[in-house]
Amino acid sequence: DADYPYEGPGLGVRHLWLPDSGDLLILTQDGRLWQTDAPCGEAVELTAVFPETMHYFHSFSPDQSRLLIAGETSYRLYDWNRQTATQIPEVTPDMFNNLVWSPNGTYLAITLAGRYADALDPLGGSRVIDVASGQIIARHDWEPANALDGTFGGPVWLDEERFIVTLSMDQGPFCMTVDGQVESALPQFDVSL
């Protein structure tokens, strides 16, 4: 009961093969998710797992055990083997947000796009999610120069415990740890102004 456009504009129906399980995940135009073990096989609707309208698939964790999916009001970490989805609190999906898995997939660092529209708050910042619990374990607010800073200004993981943000307008480039410690990144690169 879905449309499958051949090409051209519009969201159409997105589908994604899930690693290891061989299942197919299908996102219809009306935001419903289905999971099946074959393209023409019996499908399971995931409405109970995803009670809100979903918009797009974001990225797999490095070990490919979870999938980050953006919904209408939240991001969700989907474990397809268990068919469970953990909602990430506080962060509203935005195409300018940048969400990056740590090298081992233990954490997810999020750089918020910032307030490029009147309704968005906070002005910008970074959040660290503990993937196992789905909870924010560290937050730091900073001012982006524009919305694209969320997309292009980091986070870039240096190792499993820290990442760098390069385009903070009010604080310069800085390094942040998963426990919320923030320090200027310039000394790490032996750069003087």
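Values in this text are rule-based calculations from the coordinates and carry no lab data. Values in this document were obtained by computation on a predicted structure and should not be read as measured data. Every residue, glycine as well, gets a Cβ built from its backbone with ideal geometry; the counts of neighbours run over all protein chains shown.
Loop-located trypsin sites (Lys or Arg not before Pro) in the range 23-110 (DSSP state other than H, G, I, E, B) with a sparse environment of at most 15 neighbouring Cβ atoms within 10 Å: R82.
In order along the range 17-33, phi translates into HN-Hα couplings of 6, 8, x, 6, 6, x, 6, 10, 9, 10, 10, 7, 4, 8, x, 8, 10 Hz, rounded to whole numbers, per the Karplus curve 6.51 cos²θ - 1.76 cosθ + 1.60 with θ = phi - 60° and x for Gly and Pro.
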